[in-house]
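Written out below as C-alpha cells is the structure these notes cover.
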Amino acid sequence: MSTTPPLLRASGVTMRFGGLTAVDGVDLAVRENEIVGLIGPNGAGKTTFFNCLTGLYVPTEGAVLFAGETLPPKPARVTRAGVARTFQNIRLFANMSALENVIVGRHTRTRAGLLSALAHGPRYRREERESRERARELLDFVGLGGQADLLARSLSYGAQRRLEIARALASEPRLLLLDEPTAGMNPQETAETEELVRSVRARGVAVLVIEHDMRFIMNLCDRVAVLVQGTKLTEGAPGEVQADERVVEAYLGAPDDEEEPTPRSPQNRERTA
Amino acid sequence: MIPKTSTPAARALVVCGAALSLVSPFLAWTWTSRYPGNLTVYGYPGGSQLLTLAGALLAAVFTAAVLGVPGLRALAPAGAVRALRAASLAALTATWITVGAIAVDLGGVVNVEPGGWLAAGAVLLLAAGAHALPDDTVTEPPPAARLPRAAEGALITVVFLAAMYVLTYGITTDSAQDFLAFLPAAGFGVRALAAAGLTARFGALTARNRIAVAVAALASALVFPFTQTGDQYTAIADNILVFAAVALGLNIVVGLVGLLDLGYVAFLGTGAYTAALVSGSTFSTFDIGPWPFWATALLGMGVSLVAGLVIGAPTLRLHGDYLAIVTLGFGEIFRITVNNLDGTSGPRLTNGPNGINSVPNLTVFGFDLGTRHTLLGVTFGRFANYYLLLLAVIAVIVFVYARAGNSRIGRAWIALREDEKAATAMGIEGFRYKLLAFGLGASLAGLAGTVMAHLQTNAVPENYKFADTAPPNSAFLLAAVVLGGMGTVSGPLVGAALLYLIPAKFAFFSQYQMMLFGLALILMMRFRPEGLVPDRRHRLEFHDEQVAAAEARRTAAEATA
C-alpha cells in the first residue's frame, strides 16, 4: 500500500436501524485517482454504506474522513466538500431538461442568491453563462451533447444513467460514488459505461462503484471490497477477490439473507463461479 | 357521421351554414327589448348576437381554409377541419344558449323572431357540415416563417389586444344570459385556434420575444381603463387583479416548489391588516399614518414575510399531505385570531368581527387614488386609479416570479419538487429553499394585501376564509393556480379571471355555487389535469407518451436542420 493519505477513509462505520445492523464496522479507503469496487449480495448494506458516506444517514458509529477532514452529516456540505453520487434507481429531475439537470448539479459551485437573480447583474449573468457552458461541456463528455434540451424523462435508459453521471460531475467532485451504474444495461451499454468511468478517472476524479456485474468490476477496478451481511469480508486486487473461496460462497450460498432476488443474480453466480 | 364520400355535400353544408350564420346576427331575434342586449334591431348585431357573429366569422375563415382559398391555408397550419368544428361549436353554443334564454326568459319559443330561428338553424347546418368533413389534422405542422422582429412584436401586441378585448367583453357583460353564452363561445373559440395550430405558433413566438410579450401584455392591460366610462366594471377588474396577484404569489409556492399551501389567504390578510393599522383610519388601534404607499407596502410585505417564516419554519419540515393540513390549520388560526383580537376575548388590535373600516385611500407619488384624475382626455375614477396601481403590483410579482423562477434558486425549487432526495444530494438545502419560497410567496401576498385593504376600504376577518363562495379565499386561490396551470404566469391570471367572473356573474346561482365549483374541479382534473395554460413540464407529466414523442420528433428535426 502506498503511503499517500487516502482521499476517503471510512473507519468502523456502523449503521443500525433499531435492532437491525445494516452496516457493521466497515473500513474502506479510496485514494486519489483510484477506482474501487464495492460488491456483495443484495441486502449486504452497500447502499446504506453509500448513504453514510454522503450524509444521507448519520452513521451510528465510526467516522468518515474526506481529504483528512471529517465529513459533516449534511448531504449539501458533503457535496460541497467534493463527493458526488448517483443513485441505484435513477433519480433525475424528470421534468427538467438534460441541460437543466446538469446545471442543478452545479448548485454548490455557484452562489447567486435571490437578490442577484432579481437584479440580473453582470456577475450573475457571467455565472449563469459559465454554468451553461460547463453543463454543455459535461453533456458532451458523457455523449449527450445533442440531447441537451430534451426533458430527462424522454431520454433513453442508458442516456439517463449517463446524465446522472454528468449531473454528479457538475459539482466538481474529487470522488464520485456510483451506485450500480450498469443495472439494467445491455452488454454494449455496459462497455460504454466502463469507458466512461475510465475517462472520469482520467479527469482526476476517484471512483467508488457498487456493482453486481462481475466482469465490469473486474475489468475496471484497481481494488475491490466485498461486503456481506453488513461486514467487510475481504478487500484486494480483483484477481485475489475473485479467487477467494469465501466470496464465491457468499454469492452462491445463504439464500435466506436476500432481500429480494434480482433477475441479474443468476448471471453473477455464473461469473463468480 | 356522414361517410367520407359525401365530402362535397358536407362542404356545401358548411358554406351554406357559415353564410347564413354570418347574416343572422344582423336580423332581429326577438320582438321585445326586454331581453338584455336588445336583439330586436335589423341591420346591426347587439348583445349575444355578437358572439354568434364572432363564432361565425371564425368558422368562415376556417371554412375558407378547408376549401383551399389561397393564403388562408396558412391560418390553419395544423389542420383546418378540427378548428372549423370547434369554431362551429362556438357559434352553436352561443346561438342556442341565446335563443334558448329568449324562449325561457320571455316565456315561450313564440318570442323568437324568424332571425333567431334562422340563426339556430344556420349554426346547426354549420356544425353538422363541419363534423361530417374528414379530419385533416397534420401531426407535424410546417415550421412558421420567421418575421422581422418589429413585425413579430406588432403581431404579439395585436394578439394581446384581441385577448384583452375578449376578456373585457366577458367582464362587461351585464346579464347572466350574455355571460352564459360568452363562456362556451370563448372556450370553443380558443379551442379552434389551438386545433388550427395557432396557439402553438403563438407560444413559439412569445418564447422568442420575452420583452415584447411583457410590453404588449402591459400595454393591452393599460387599454382597459380607457375603454371604461364608469366604475362598475373597473371595480370588477380591480378585484380580479387582487385575486390574480395573490394567485401568482401562490404559484411560486405551489407551482415551482410543489408545496401544497391551503392557508395562503392568511398572508393576504396579514398584509391587509398591517396596511389598515397604519392607514390612519379612525378604527385603527394605532394613531399613526397615513403612510406613503411605499412605506405601507414595505411594512405589509415585511410583516407577511415574518408571518411566512414563523409559520413556515416548523411546518416546512413536513411533507405532502401533512404540510397541506398544517397550512390549512394556520390559515384558519389567522382568521380566528383577528376575529378575537377585539379587546374582550383578546388584546384590542383588530376590532374583532367588525374589522378595521374607513381605511382611507392611498396616495402614490402625490396622487390621491380616491379622487379623479384626467389623463389623455380620459377621466380616471377611483377604481381606475387602483387598477393602474394593481397593474404595477402584478408587474412586480411577475417580474419576481420570472427572474427567480429562471435562476439558480428557481432551478433548485423545481429540483426539490421533482425529487427531493436527489436535490439534496446535489447540495440543495431543501428546508432553506422551501422557507425562502414560502417567505417570498408570503411577502408578495402581503403586498397585494396592502392594496386590497385600501381598495376595499376595510380589513375584516370574513374576507380571509379557507373556502367561500367568492374569491379570494384559500380554496379559490389554489384552484386558480391549478385550473389555470401551475408554473406559468398566464395560467393563474386566466384562472383568477374565470374564478372571479363566474361566481360574480351568476350571483343568482349562489346557493349552488360551491357544488358547481366542486363539479368543475372534478371535470378539470379528469379532462385537463395540467390546467388551462399548461407549462411544458406539467403537460408532460399528465400526457406523457404523446408529448414525449412529439418532443423527441421536434428535437430530432431541429438537430437535422
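The values are calculated or read from the model by the stated rules, or taken from the named source; none is laboratory data. Quantities reported herein were computed from a predicted structural model and do not represent experimental measurements. Backbone-built Cβ (ideal geometry, glycine too); neighbour counts: all protein chains shown. Keep in mind that these areas ignore ligands, DNA and RNA; they rest on the heavy atoms of the full protein, side chains included. Shrake-Rupley method; radii C 1.70, N 1.55, O 1.52, S 1.80 Å.
Please verify whether residue B:242 is among the hydrophobic types (A, V, I, L, M, F, W, C) and farther than 21 Å from residue B:316 by Cβ, treating the condition exactly as stated.
Here the answer is yes, as residue B:242 does meet what is asked.
Against the definition (assigned by TED's automatic domain parsing to the domain that holds residue B:351, more than 17 Å from the chain's Cα centre (by Cα), open to solvent by less than 30 Å² (accessible area, probe 1.4 Å) and not basic (Lys, Arg)), how does residue B:461 come out, yes or no?
Answer is yes for this residue.
Do you know which residues across the stretch A:138-156 are outside any loop (DSSP other than H, G, I, E, B) and without any contact (Cβ under 8 Å) to a residue 40 or more places away in the chain? Break it down stepwise before answering.
Filtering the stretch A:138-156 down to residues outside any loop (DSSP other than H, G, I, E, B) leaves A:138-141, A:145-147, A:151-154.
Those that are outside any loop (DSSP other than H, G, I, E, B) and without any contact (Cβ under 8 Å) to a residue 40 or more places away in the chain: A:138, A:140, A:145, A:146, A:154.
Name the residue, out of B:182, B:202, that is under 17 Å from the mean Cα position of the chain (by Cα) and either in contact (Cβ under 8 Å) with a residue 24 or more places away in the chain or on the phi > 0 side of the Ramachandran plot (or both).
On inspection, the qualifying residue turns out to be B:182.
Would you please name the residue that is farthest from residue B:314 (Cα to Cα), looking only at residues in the stretch B:420-429 that are within 9 Å of chain A (Cβ to nearest Cβ) and surrounded by fewer than 21 Cβ atoms within 10 Å (Cβ to Cβ)? Outline the logic, then answer.
Initially, the stretch B:420-429 is screened for residues within 9 Å of chain A (Cβ to nearest Cβ), giving B:421-429.
Still in the running and surrounded by fewer than 21 Cβ atoms within 10 Å (Cβ to Cβ): B:421, B:429.
Working: B:421: 20, B:429: 16 Å.
Result: B:421.
Within the stretch B:198-209, work out how many residues are open to solvent by 60 Å² or more (accessible area, probe 1.4 Å) and touching a helix residue (DSSP H, G or I) at 6+ places or on another chain (Cβ under 8 Å).
3
Can you tell me which residue is farthest from the chain's Cα centre (by Cα) among those in the stretch B:216-250 that are open to solvent by 10 Å² or more (accessible area, probe 1.4 Å) and within 17 Å of residue B:401 (Cβ to Cβ)? Let's see the steps before the verdict.
To start, the set of residues in the stretch B:216-250 that are open to solvent by 10 Å² or more (accessible area, probe 1.4 Å) comprises B:217-219, B:221-223, B:226-233, B:235-236, B:239-241.
Restricting the remaining residues to those that are within 17 Å of residue B:401 (Cβ to Cβ) gives B:217-218, B:221, B:241.
Values: B:217: 13, B:218: 15, B:221: 13, B:241: 10 Å.
Within the stretch B:216-250, the match that is farthest from the chain's Cα centre (by Cα) is B:218.
Return the only residue of A:169, A:150, A:139, A:163 being modelled with pLDDT of 95 or more, farther than 30 Å from residue B:435 by Cβ and touching a helix residue (DSSP H, G or I) at 6+ places or on another chain (Cβ under 6 Å).
Sole residue among the options that is modelled with pLDDT of 95 or more, farther than 30 Å from residue B:435 by Cβ and touching a helix residue (DSSP H, G or I) at 6+ places or on another chain (Cβ under 6 Å): A:139.
Would you be able to say whether some residue in the stretch B:153-164 is within 30 Å of residue B:28 (Cα to Cα) and open to solvent by less than 50 Å² (accessible area, probe 1.4 Å)?
yes
Considering only the stretch B:303-328, how many residues are of a type outside the set (A, V, I, L, M, F, W, C), in a helix (DSSP H, G or I) and open to solvent by 30 Å² or more (accessible area, probe 1.4 Å)?
Taking the stretch B:303-328 and keeping what is of a type outside the set (A, V, I, L, M, F, W, C), we get B:304, B:308, B:312, B:314-315, B:317, B:319-322, B:327.
Remaining after also requiring in a helix (DSSP H, G or I): B:304, B:308, B:312, B:314-315, B:320-322, B:327.
Those left that are additionally open to solvent by 30 Å² or more (accessible area, probe 1.4 Å): B:314, B:320-322.
Result for the stretch B:303-328: 4.
What are the residue pairs meeting all of these: first residue in the stretch B:32-56, first residue assigned by TED's automatic domain parsing to the domain that holds residue B:120, second residue among the β-branched types (Val, Ile, Thr) and assigned to a loop (DSSP other than H, G, I, E, B), Cβ atoms under 6 Å, and 6 or more apart or on different chains?
Partner pairs satisfying both residue conditions: B:33/B:40.
Would you mind finding the one in B:158, B:99, B:166 that is under 30 Å from residue B:236 (Cβ atoms) and in contact with a strand residue (DSSP E or B) (Cβ under 9 Å, 6 or more places away or on another chain)? Full working, then the answer.
Values: B:158 fails: in contact with a strand residue (DSSP E or B) (Cβ under 9 Å, 6 or more places away or on another chain); B:166 fails: in contact with a strand residue (DSSP E or B) (Cβ under 9 Å, 6 or more places away or on another chain).
It is B:99.
Check whether at least one residue in the stretch B:343-353 is surrounded by 19 or more Cβ atoms within 10 Å (Cβ to Cβ), within 24 Å of residue B:464 (Cα to Cα) and at pLDDT below 95, and report yes or no.
Within the stretch B:343-353, one or more residues are surrounded by 19 or more Cβ atoms within 10 Å (Cβ to Cβ), within 24 Å of residue B:464 (Cα to Cα) and at pLDDT below 95.
Which ranges mark the helices (runs of 4 or more DSSP H) fully within the stretch B:495-561 that have 2 or more residues being modelled with pLDDT under 80 and surrounded by 11 or more Cβ atoms within 10 Å (Cβ to Cβ)?
The qualifying helices (runs of 4 or more DSSP H) are B:536-542, B:544-560.
Any chance you could count how many residues in the stretch A:64-115 are part of a strand (DSSP E or B) and either more than 7 Å from chain B (Cβ to nearest Cβ) or more than 19 Å from the chain's Cα centre (by Cα) (or both)?
Total satisfying the criteria: 8.
Considering only strands (runs of 3 or more DSSP E) fully contained in the stretch A:1-43, which possess at least 3 residues that are in contact with an Asp or Glu (Cβ under 8 Å, 6 or more places away or on another chain)?
Hits in the stretch A:1-43: A:8-17, A:35-39.
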